[in-house]
1. Could you please let me know if R148 is free of Cβ contacts under 8 Å to residues at least 12 places away in the same chain, in a helix (DSSP H, G or I) and farther than 30 Å from I71 by Cβ?
2. Could you list all residues from the stretch 29-54 that are in a helix (DSSP H, G or I), over 19 Å from K322 (Cβ atoms) and touching a residue at least 24 places away in the same chain (Cβ under 8 Å)?
3. Identify all residues within the stretch 231-253 that are at pLDDT 85 or above and either open to solvent by 50 Å² or more (accessible area, probe 1.4 Å) or over 25 Å from E270 (Cβ atoms) (or both); write none if there are none.
4. Does S289 satisfy the criteria of being more than 21 Å from L107 (Cα to Cα) and not hydrophobic (A, V, I, L, M, F, W, C)?
5. Select from the stretch 305-351 the residues that are over 20 Å from the mean Cα position of the chain (by Cα) and polar (S, T, N, Q) and list them in ascending order.
6. Pairs needed: first member in the stretch 283-295, within 13 Å of L93 (Cα to Cα); second member anywhere, among the β-branched types (V, I, T); C-beta distance under 8 Å; at least 6 residues apart or different chains.
7. Test each condition in (1) hydroxyl-bearing (S, T, Y); (2) farther than 29 Å from H231 by Cα; (3) open to solvent by less than 60 Å² (accessible area, probe 1.4 Å) for Y347 and report the one that comes out false.
Amino acid sequence: ITLLAAFFRLHKIDVLPPGEFYDPAYYGLDALEILGGKTPIFFETNGGRESLYSYIVAACVALFGVGSLAIHVAPAIVGILTIPAIFLAAEELFSKDEGLLGAYGSLVAALATALSFWHQVWSRYGVRAILLPLFAALVVFTLLRGLRTGRWRYLAGCGVFLGLGMYTYQPARLLPVWVVAGWGYATWRSRAWNKRSFYALGAITLISLLVFAPLGAYALTHWDSFMGRVHAVNVLRSQAVFEALGQQLRNTVLVFGWCGDACPRVNLPERPALNLFFFGAFVLGMAVSLRRIVQPRMFMLLAWLGVMCVPGILAQQGHTSKRIIGSLPAVMILIAVGLLAPLDRLYHWAQ
């Protein structure tokens with residue numbers, strides 16, 4: 001499945017997408033700065049940008065030379081690595097299922113991601129947003145594995161990935177909300193309000209803060225730069241707030257299966273993020289998950305979707321499919337639920 005994903009993300013990468021635009025070009029300029037000896041923690045150009053992706057582009061420029069190829073290979077590599085990360089996250093979410101979801105759910109989620117047009121587009125375009133699905137999936141995997149096994153290395157890994165996520169793309173700043181909500185619900189449902197449970201959350205928090213500390217120090221001294229892009233697109237700053245919120249909510253809901261981004265640079269104009277087959281499975285997966293929401297894993301899955309869709313609702317301008325890209329792994333896992341849960345039910349009925 002990962003090799004299939006690699007084909008779809010690397011095939012004709014030198015000519016697709018056609019043409020160039022200034023957003024990807026800025027990362028090429030960042031790479032030249034880095035290769036020239038500078039080590040910025042945050043780039044203030046083009047509205048302010050986190051730096052991790054620029055360092056990945058710099059590595060690709062060092063390997064492939066100066067040019068647009070390196071700028072587009074970098075997100076393709078990240079997109080390919082996202083496939084096994086989503087597989088691992090789904091493995092943990094379905095670890096207690098004994099039916100088809102437990103046996104094949106993670107494979108179907110990985111395959112859906114490999115085939116996803118939505119993910120393919122952002123795996124080729126050349127901007128830092130593609131990092132968010134990877135880090136979101138890794139945070140989910142390590143948190144769930146840590147809570148299930150009690151092994152501290154996974155909890156420490158969750159803290160590392162959570163902290164590094166702050167260096168990817170602004171919507172990643174909502175990942176701690178999901179971690180606290182997921183930990184709280186899982187702890188409440190299992191009635192595990194003990195020292196070990198709070199130590200686990202404390203370890204994740206401490207490690208993530210240590211990893212985030214350099215960027216945090218920058219933010220404290222350059223607040224306007226750090227928050228500049230967020231303030232510029234914040235829908236709450238609009239004069240007609242409720243009208244703008246309603247429009248953004250509508251756009252976020254419709255982008256999944258009805259009307260996607262109109263910009264031809266990042267989409268076939270108005271093509272929804274999911275094709276008809278995937279969208280049907282996604283809706284069915286949400287229905288199944290809502291019926292089972294008392295289960296911590298289903299609550300976490302739906303919370304993942306909800307929290308990572310908030311940027312699409314709160315941010316004006318830009319591309320909705322990019323703003324909500326942190327929800328992409330959850331969407332792919334819900335597609336697996338929608339495809340396999342009914343088959344499981346049908347199998348047991350036939351028995």
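The values are calculated or read from the model by the stated rules, or taken from the named source; none is laboratory data. If you're wondering where the values come from, they're calculated on a predicted model, not measured in any experiment. Cβ: placed from backbone, ideal geometry, glycine included. Neighbour counts: every protein chain shown. Remember, those area values only see protein heavy atoms, side chains included, never the ligands or the DNA or RNA. Shrake-Rupley method; radii C 1.70, N 1.55, O 1.52, S 1.80 Å.
1. Numbers: free of Cβ contacts under 8 Å to residues at least 12 places away in the same chain: no; in a helix (DSSP H, G or I): yes; farther than 30 Å from I71 by Cβ: yes.
For R148, the condition - free of Cβ contacts under 8 Å to residues at least 12 places away in the same chain, in a helix (DSSP H, G or I) and farther than 30 Å from I71 by Cβ - is not met.
2. If we filter the stretch 29-54 for residues that are in a helix (DSSP H, G or I), which is where we start, we get 29-35, 52-54.
Restricting the remaining residues to those that are over 19 Å from K322 (Cβ atoms) gives 29, 31-35.
Those that are in a helix (DSSP H, G or I), over 19 Å from K322 (Cβ atoms) and touching a residue at least 24 places away in the same chain (Cβ under 8 Å): A31, L32, I34, L35.
3. F242, E243, Q247, L249, R250, V253
4. On the way: more than 21 Å from L107 (Cα to Cα): no; not hydrophobic (A, V, I, L, M, F, W, C): yes.
The answer is no for S289.
5. Q351
6. S289/V337
7. (3)
Residue-by-condition table, conditions (1) modelled with pLDDT under 95; (2) farther than 25 Å from A172 by Cα; (3) out of contact with any strand residue (DSSP E or B) (no Cβ under 9 Å at 6 or more places or on another chain); (4) crowded, with 20+ Cβ neighbours inside 10 Å:
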site	(1), (2), (3), (4)
L35	no, yes, yes, no
N46	yes, no, yes, no
Y53	no, no, yes, yes
V57	no, no, yes, yes
A76	no, no, yes, yes
I83	no, no, yes, yes
G99	yes, yes, yes, no
A109	no, no, yes, yes
